[in-house]
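**Student:** Take a look at this one; I'll ask things after.
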Amino acid sequence: MASESAARVTLYGRAGCHLCEEARQVIARVCAETGDTWVEVDVDEDPALAARFDEEVPVTFVDGRQHDFWRVDEARLRAALAR
């Protein structure tokens, strides 16, 4: 994983979230194949992020823009990273 500012993909999630685990696996696999960087941020460590994303985690950003929430579609992620 990379620093948040250097990563192309940011996963906002929380510990103990099964959807976050699924998203993490998809993102890790796709980024390993494409060579893109990613980072994970625990929303519960920041009250503003927890308030913003509480009911939507996991939330995925690509290049600083919101891409998905709840589930990561592998094909959509690959397409976004190819741009």
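The values are calculated or read from the model by the stated rules, or taken from the named source; none is laboratory data. Given the structure is predicted, the values throughout are model-derived calculations rather than measurements. A quick note on method: Cβ atoms are made from the backbone with ideal geometry, for glycine too, and the neighbour counts reach across all protein chains shown. In case anyone asks, the SASA skips ligands and DNA or RNA and just uses the protein heavy atoms, side chains included. Shrake-Rupley method; radii C 1.70, N 1.55, O 1.52, S 1.80 Å.
**Student:** For a quick check of your reading: which helices (runs of 4 or more DSSP H) sit entirely within the chain and have at least 1 residues that are under 11 Å from the mean Cα position of the chain (by Cα) and polar (S, T, N, Q)?
**Tutor:** Qualifying helices (runs of 4 or more DSSP H): 18-34.
**Student:** Identify the residue in the stretch 56-83 that is touching a strand residue (DSSP E or B) at 6+ places or on another chain (Cβ under 7 Å) and acidic (Asp, Glu) and, among all such residues, is nearest to Arg24 (Cα to Cα).
**Tutor:** Asp68
**Student:** Out of (1) surrounded by 18 or more Cβ atoms within 10 Å (Cβ to Cβ); (2) in contact (Cβ under 8 Å) with a residue 40 or more places away in the chain, what's the single condition that is false for Thr34?
**Tutor:** Unmet condition: (1).
**Student:** OK, next. Taking the stated definitions as given, is Ala28 open to solvent by less than 30 Å² (accessible area, probe 1.4 Å), of a type in the set (Gly, Ala, Ser) and closer than 21 Å to Ala6 by Cα?
**Tutor:** It is false that Ala28 is open to solvent by less than 30 Å² (accessible area, probe 1.4 Å), of a type in the set (Gly, Ala, Ser) and closer than 21 Å to Ala6 by Cα.
**Student:** Here's a follow-up. Just give me the residues in the stretch 51-78 being farther than 14 Å from Val9 by Cα, open to solvent by less than 70 Å² (accessible area, probe 1.4 Å) and in contact (Cβ under 8 Å) with a residue 12 or more places away in the chain, in sequence order.
**Tutor:** The answer is Phe53, Glu56, Val57.
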